[in-house]
Amino acid sequence: MAKKSRLQAPQGMHDVLGEDQPYFKRIWDAVNEIAHFYAFSKIDTPIAEYSELYEKGTGLTTDIVEKQMYAFKTKGGDALALRPEFTPGIVRAFIQHGMFSWPQPVKLYTYGPLFRYEHPQAGRYRQFNQFDFEVFGEQAAAIDAQVIQIFYTILKELKFGHLVVEVNSIGDYQCRPYYKKVLVNFLRPRQYSLCADCRRRIKENPLRVLDCKEEKCQRVKSQAPQVIDHLCEECKTHFKSLLEFLDEADLPYHLDPYLVRGLDYYTKTVFEIFSEGSIQQDQEGSQTVQRSALVGGGRYDALVRLMGGKDIPAVGAAAGVERIIALMKEKQLPAAEEPAPKVFLAQLGDLPKKKSLKLLEELRKAKINIAEALGRDSLRTQLARADKLEVAYTLILGQREVLDNTIVIRKMDTGEQETVKMEKVVEALKQRLRKS
Ligand code: AMP
């Protein structure tokens, strides 16, 4: 039997309908406004890149590349991947366009869809949106603090209340190799208390064991040596300086010595921003407040060189838009306001319908927000629609009005009606709307 076609969006991917658009708009508006203030310029990179970019940049042993990448061969035989994160594409663009010769720092931001082949669940999708800020060409911890502040400020602009920044330093290429050895020496004798993935990670990428969400791995992790105890002088000073900046900027932070983030390219600073979400009740009835990671980022001083560019330090972060929206809804935070129409145009008969198209355009140009039901004929139906929309005025255009070159303005709360000349209608409406 032929397989029935499933005319549905692919699993983990969603249509964004009208009711959710004001949330997206509110977020994009806040992002654009703050990016503009801090002099970031917008960059849009392709949705697909050569797979090699992520294999090299994100890292072969990361979950994103190992398990979650939408990788495919084109008809021409190119190995491409749908972008699973923004940073490698932006670094590629930085190198490709010779941005190291631009005045430094180069500050870029972007937003749009990303693709990861995840197990779909609440707050975890296969196509989701992020907004992302990156700063190239600055070493100073002040810039790490500024990137954190930008994300914090955007969330505050969206009216999030309690936010916490989790920070850590994972060292650099001088001190991390030594810490890795210390960690492997700790993990090896305990490998049978770890999940199968983490047993493999001990060899390939031991820091990722600290990132594992499995309970038994978390138990081992809580005893593990901490990277901040093994930082070199340079990384230690950088981290200390970052914390001072965060203190000075009144950004509430918490030092999480096991925060490593899942990506290979970070050096020194890593951070996540959390918001308190819903209260969850477990089977025994005890309540815990669910926390949701909204933002993740860090410094990546070696990535530009690794991808074939110069020695350019950089720091950046990205925020998950769908998660932000889910929490905005849960906390009843406001979405963008769509101005409601204040006027309705009702038309009766063929000729008035024809005249309506032109009239609507005139009203649009005059910035009068107007609703209509051009497909309807009966006045009753149209007035009922106008009532439902709670407009202040309805314009009524009948056969007689067209012949007289007039139109009726009906005040909806009193039912009062007035006939005005067609060429005066825009001005007459403006006057009335100013008063109401
Ligand atoms: P990452 O790029 O993994 O550091 O994630 C940064 C933020 O993007 C996270 O804190 C989440 O808010 C969001 N995010 C990551 N993966 C997903 C996903 N599969 N679905 C929805 N949001 C995601």
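So Lys236 passes all but one of these: (1) touching a helix residue (DSSP H, G or I) at 6+ places or on another chain (Cβ under 9 Å); (2) more than 30 Å from Glu138 (Cβ to Cβ). Which condition number does it fail?
The single condition Lys236 does not satisfy is (2).
Asp44 - would you say it is more than 14 Å from the ligand (Cβ to nearest atom), under 30 Å from Leu333 (Cα atoms), assigned by TED's automatic domain parsing to the domain that holds Tyr117 and exposed (fewer than 12 other Cβ atoms within 10 Å of the Cβ)?
yes
Can you tell me which residue in region 295-341 is nearest to Leu403 (Cα to Cα), limited to those that are surrounded by fewer than 15 Cβ atoms within 10 Å (Cβ to Cβ) and within 16 Å of the ligand (Cβ to nearest atom)?
Lys329
May I ask you to list the residues in region 75-131 that are within 16 Å of the ligand (Cβ to nearest atom), open to solvent by 60 Å² or more (accessible area, probe 1.4 Å) and in a loop (DSSP other than H, G, I, E, B)?
Tyr117, His119, Ala122 - these are the residues of region 75-131 that are within 16 Å of the ligand (Cβ to nearest atom), open to solvent by 60 Å² or more (accessible area, probe 1.4 Å) and in a loop (DSSP other than H, G, I, E, B).
Take the residues in region 270-294 that are at pLDDT below 90 and within 16 Å of the ligand (Cβ to nearest atom), then tell me which one is farthest from Val147 (Cα to Cα). Give the steps one after another, and end with the answer.
Step one: of region 270-294, the residues at pLDDT below 90 are 276-292.
Narrowing the set further to residues that are within 16 Å of the ligand (Cβ to nearest atom) leaves 276-278, 290-292.
Working: Glu276: 21, Gly277: 23, Ser278: 27, Gln290: 25, Arg291: 21, Ser292: 19 Å.
Across region 270-294, the extreme among qualifying residues is Ser278.
Inspect region 227-246 for any residue being assigned to a loop (DSSP other than H, G, I, E, B) and more than 16 Å from the ligand (Cβ to nearest atom) and give the result as yes or no.
Yes; the residues of region 227-246 include at least one that is assigned to a loop (DSSP other than H, G, I, E, B) and more than 16 Å from the ligand (Cβ to nearest atom).
Given the options Ile64, Ile43, Ile34, Ile90, name the one that is in contact (Cβ under 8 Å) with a residue 12 or more places away in the chain and under 22 Å from Gln121 (Cα atoms).
Being in contact (Cβ under 8 Å) with a residue 12 or more places away in the chain and under 22 Å from Gln121 (Cα atoms) holds for just one of Ile64, Ile43, Ile34, Ile90, which is Ile64.
Across region 222-247, what is the total count of residues that are open to solvent by 20 Å² or more (accessible area, probe 1.4 Å) and in contact with a Phe, Trp or Tyr (Cβ under 6 Å, 6 or more places away or on another chain)?
Counting residues in region 222-247 that are open to solvent by 20 Å² or more (accessible area, probe 1.4 Å) and in contact with a Phe, Trp or Tyr (Cβ under 6 Å, 6 or more places away or on another chain) gives 2.
Considering only region 342-373, state which residues are in a loop (DSSP other than H, G, I, E, B) and exposed (fewer than 13 other Cβ atoms within 10 Å of the Cβ). Reasoning before the result, please.
Start the filter on region 342-373 by keeping residues that are in a loop (DSSP other than H, G, I, E, B), which leaves 342, 348-349, 366-369, 373.
Listed by number, the list holds a single entry, Lys367.
Quick one: in region 132-142, of everything that is open to solvent by less than 30 Å² (accessible area, probe 1.4 Å) and among the charged types (D, E, K, R), which residue is farthest from the ligand (Cβ to nearest atom)?
Checked region 132-142; the qualifying residue farthest from the ligand (Cβ to nearest atom) is Glu134.
Name the single residue, out of those in region 374-410 being of a type outside the set (A, V, I, L, M, F, W, C) and part of a loop (DSSP other than H, G, I, E, B), that is nearest to the chain's Cα centre (by Cα).
Taking region 374-410 as the starting set, the residues that turn out to be of a type outside the set (A, V, I, L, M, F, W, C) are 375-378, 380-382, 385, 387-388, 390, 393-394, 398-401, 404-406, 410.
With the extra rule that they be part of a loop (DSSP other than H, G, I, E, B), the set shrinks to 375-378, 390, 398, 405.
Values: Gly375: 38, Arg376: 40, Asp377: 44, Ser378: 45, Glu390: 34, Gly398: 49, Asn405: 51 Å.
Restricting to residues being of a type outside the set (A, V, I, L, M, F, W, C) and part of a loop (DSSP other than H, G, I, E, B), the top hit is Glu390.
Exactly one condition in (1) surrounded by 16 or more Cβ atoms within 10 Å (Cβ to Cβ); (2) in a strand (DSSP E or B) is false for Ile27; which is it?
Unmet condition: (2).
Go through (1) touching a residue at least 40 places away in the same chain (Cβ under 8 Å); (2) farther than 30 Å from Val295 by Cβ; (3) β-branched (Val, Ile, Thr) one by one and return the number of the condition Ile324 breaks.
Failing condition for Ile324: (2).
Gln174 - would you say it is touching a residue at least 12 places away in the same chain (Cβ under 8 Å) and either open to solvent by 10 Å² or more (accessible area, probe 1.4 Å) or farther than 16 Å from Pro257 by Cα (or both)?
Details: touching a residue at least 12 places away in the same chain (Cβ under 8 Å): yes; either open to solvent by 10 Å² or more (accessible area, probe 1.4 Å) or farther than 16 Å from Pro257 by Cα (or both): yes.
Judged against the criteria, Gln174 is a match.
Looking only at region 379-422, count every residue that is at positive phi and acidic (Asp, Glu) and tell me the total. Please lay out each step first, then the result.
Just the residues of region 379-422 that are at positive phi, to begin with: 390, 405, 415.
Next, from what is left, pick out any that are acidic (Asp, Glu): 390.
Qualifying residue count, region 379-422: 1.
The values are calculated or read from the model by the stated rules, or taken from the named source; none is laboratory data. As the structure is a prediction and not an experimental result, all values here were calculated from the model. For neighbour counting, all protein chains shown are included, and Cβ atoms are generated from backbone atoms with ideal geometry for every residue, glycine included. Keep in mind that these areas ignore ligands, DNA and RNA; they rest on the heavy atoms of the full protein, side chains included. Shrake-Rupley method; radii C 1.70, N 1.55, O 1.52, S 1.80 Å.
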